[in-house]
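J.: Dumping the structure here so I can ask a few things about it.
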Amino acid sequence: MNKILDRVIMLQNCIIITGSPGTGKTLISNILSKQLHVPLVRATEIVTTYGLGSYDPESDTYDVDVEDLKKILLKVVNAPAVIDSVIPDILPQELVELVVVLRLDPIVLAKRLVSRQWKVKKILENVEAELLGIVTYEAVKYYGLEKVVEIDTTGKTPEYIAEEIIQIIKTKDVSKYQPFTVDWLTKYTDPMEFRRRILTMINNY
Ligand code: ADP
Ligand code: MG
């Protein structure tokens, strides 16, 4: 069968690309949407287009009305589609075929966030959330173990990661991508030392 046609019919429903900020959601979801020939929906674009967020200078973040975001997404999403969202539980279960949580070594992630010149508190919060695997936890809590996969993106090119996801959709073989197998806490055992490394990185930037 024609390779493109093969990919068009491969995805029946929506695929959510999620993960901590800086793990590569925007980059990977863009490649996937092109390769799978399905529309791309970015949660952050909906937030700005519909004015759903208010900026909180204290925390340097946008407070988003998630319920409003979910309602609008439901109206604009026409399955199949690729959804780029930092919040995993953004669409009802029945519209979602697969949730991909992009994981990244938190020290590598910290380097990316430091170069975004975020406030120290915001960098620490996000890097520590990645260390703990918060997004995977949230994704599994809502969609269940069967629909969620985790990919360790550390040291891989975006194209390689996109191909891994396409293979997961195609073969439905998720054995190498079970949630909670990426475990940064075994690698970074001392939380104070970990925090010191991040702070040094910020100070030296
Ligand atoms: P997110 O949307 O999750 O915040 P982005 O897609 O914006 O993440 O990526 C964050 C930064 O990291 C960007 O500068 C991007 O070019 C880079 N990046 C993303 N994925 C990779 C990768 N696999 N290898 C190297 N750099 C990457
Ligand atoms: Mg993004």
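J.: Would you mind getting the accessible area per residue of the chain, heavy atoms of the protein chains only, 1.4 Å probe, in Å²?
T.: Normalised by residue count, the accessible surface of the chain is 53 Å².
J.: What does the charge add up to near LEU199, with Lys and Arg as +1, Asp and Glu as -1, over the other residues with Cβ less than 15 Å from its Cβ?
T.: With Lys, Arg at +1 and Asp, Glu at -1, the neighbours total +3.
J.: Tell me, how many Å apart are the Cα centres for region 126-153 and for region 36-51?
T.: With region 126-153 and region 36-51 each reduced to a Cα centre, they are spaced 21 Å.
J.: Could I ask something else about it? So which of LYS147/LYS172; LYS111/LYS176; LYS121/LYS187 end up more than 18 Å apart, counting from Cα to Cα?
T.: Numbers: LYS147/LYS172 10 Å; LYS111/LYS176 27 Å; LYS121/LYS187 23 Å.
Exceeds cut-off: LYS111/LYS176; LYS121/LYS187.
J.: Multiplying the sequence separation of LYS170 and LYS111 by 0.36 nm and subtracting their Cα-Cα distance, what value in nm do you get?
T.: Details: separation 59, 0.36 × 59 = 21.24 nm, distance 3.33 nm.
Value of the extension gain: 17.9 nm.
J.: Turning to a different aspect of this structure: Compute the signed sum of charges (Lys and Arg +1, Asp and Glu -1) over the other residues within less than 10 Å, Cβ to Cβ, of LYS122.
T.: The answer is +1.
J.: Among GLU150, GLU159, GLU58, which one shows the biggest mean-square fluctuation in a GNM of the chain, springs joining Cα atoms closer than 10 Å?
T.: Looking only at GLU150, GLU159, GLU58, the biggest GNM fluctuation is shown by GLU58.
J.: Heavy atoms only, probe 1.4 Å: what % of the accessible area of region 1-148 goes to carbon and sulfur, would you let me know? Mind dumping the intermediate values first?
T.: On the way: 3990 of 7170 Å².
Ligands and nucleic acids excluded, carbon and sulfur give 56 percent.
J.: Here's another thing I want to ask about it. Just how many % of Cα pairs in region 94-165 lie over 16 Å apart, if you round to the nearest whole percent?
T.: 56
J.: To continue, here is another question. Rounded to the nearest 500, what is the chain's calculated 222 nm mean residue ellipticity when only DSSP H runs of at least 4 contribute -39500 (n - 2.57) each, over all residues?
T.: After summing the helix terms and dividing by residue count, I get -14500 deg cm²/dmol.
J.: Still on this model: Give the residue from LEU109, TRP184, TYR205 lying farthest towards the positive end of the charge dipole for the chain; charges sit on Cβ (+1 for Lys and Arg, -1 for Asp and Glu) and the dipole is referred to the Cα centre.
T.: The listed residue farthest towards the positive side: TYR205.
J.: Give me the net charge of GLY144's neighbourhood, meaning all other residues with Cβ under 15 Å from the Cβ of GLY144; Lys, Arg count +1, Asp, Glu -1.
T.: Working: positive: LYS141, LYS147; negative: ASP89, GLU94, GLU97, GLU138, GLU146, GLU150.
Computed value for this residue: -4.
J.: Pairs of alpha-carbon atoms within less than 8 angstrom and 6+ residues apart define the contacts here; what relative contact order does the chain have, in percent?
T.: The value is 26 percent.
J.: If you don't mind, there's one more thing I want to ask. If the only charges are +1 at each Lys and Arg Cβ and -1 at each Asp and Glu Cβ, what is the size of the charge dipole of the chain around the Cα centre, to the nearest 20 debye?
T.: Magnitude of the dipole: close to 520 debye.
The values are calculated or read from the model by the stated rules, or taken from the named source; none is laboratory data. Every value quoted in this text rests on a predicted model; they were computed, and no experiment measured them. Ideal geometry is used to build each Cβ from the backbone, glycine not excepted, and the neighbour counts take in all protein chains shown. The area values use the complete protein model at the heavy-atom level, side chains included, leaving out ligands, DNA and RNA. Shrake-Rupley method; radii C 1.70, N 1.55, O 1.52, S 1.80 Å.
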